[in-house]
1. What are the residues in region 16-42 that are assigned to a loop (DSSP other than H, G, I, E, B) and either of a type in the set (A, V, I, L, M, F, W, C) or under 20 Å from residue 71 (Cα atoms) (or both), if any?
2. Name every residue in region 63-104 that is under 24 Å from residue 15 (Cβ atoms) and among the charged types (D, E, K, R), in order of residue number.
3. Could you please find all residues in region 43-65 being in a helix (DSSP H, G or I), surrounded by 13 or more Cβ atoms within 10 Å (Cβ to Cβ) and not hydrophobic (A, V, I, L, M, F, W, C)?
4. Filter region 66-115 for residues that are in a helix (DSSP H, G or I), loosely packed, with under 15 Cβ neighbours inside 10 Å and touching a residue at least 12 places away in the same chain (Cβ under 8 Å) and give the result.
Amino acid sequence: MLEALTRLCARFEGRVWIVSKCGPRIEARSRAWLDAHRFFETTGILRQNLRFCRNRKDKAPICLELGIDFFVDDRVDVLLPMLAIVPHRFLFGAETAREPGIAAVPTWAAAEAAIVRVLDEEEGVGVREDVSDRRTRAARAP
């Protein structure tokens, strides 16, 4: 996971966010784990690009606020409300996705490959705007 996030962070020029749902106790544990494993230093993801929310339904508005174009989550009920907000949604840990517009990515290697494929396709046909005009992008560790 760390290697994939490191490469994605480089590809997105640091514009990667972590959006996680949990309560205060798990948030504190998560922050401690991230620090103990030097997550931010290793991946290049900025510490201030970590957002916690208390309800799953709050992830979509956060994505809207941040202008996120790519989102990886292990819950389809999180990805479904993002339909009109996040153009590229990936269901982590799944072999298949039945919902239109959601791609299954069983591993972080698969998630990275799928995201890079979309980026390459968009950049190849001129869909992706100039780097200086890009808004925030995201990859999220479940």
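1. Within region 16-42, the subset assigned to a loop (DSSP other than H, G, I, E, B) is 16-17, 22-23, 37-38.
16, 17, 22 - these are the residues of region 16-42 that are assigned to a loop (DSSP other than H, G, I, E, B) and either of a type in the set (A, V, I, L, M, F, W, C) or under 20 Å from residue 71 (Cα atoms) (or both).
2. If the condition is that a residue be under 24 Å from residue 15 (Cβ atoms) and among the charged types (D, E, K, R), then 65, 69, 73, 74, 75, 89 are the ones that fit.
3. Our first condition is that a residue be in a helix (DSSP H, G or I); within region 43-65, this holds for 43, 47-49, 56-65.
Checking the rest, the ones that are also surrounded by 13 or more Cβ atoms within 10 Å (Cβ to Cβ) come to 43, 49, 56, 58-64.
Once the filter is applied, which keeps residues that are in a helix (DSSP H, G or I), surrounded by 13 or more Cβ atoms within 10 Å (Cβ to Cβ) and not hydrophobic (A, V, I, L, M, F, W, C), region 43-65 yields 43, 49, 56, 58, 59, 61.
4. Here is the first cut: in region 66-115, the residues in a helix (DSSP H, G or I) are 66, 76-82, 108-115.
Keeping just the survivors that are loosely packed, with under 15 Cβ neighbours inside 10 Å gives 77, 80, 109, 113.
Scanning region 66-115 gives 77, 80, 109.
Computed from the coordinates by the stated procedures, all read-outs in this text should not be read as laboratory data. Nothing here was measured: the structure is a model prediction, and the numbers come from that model. All Cβ positions, glycine included, derive from the backbone under ideal geometry; neighbour counts span all protein chains shown.
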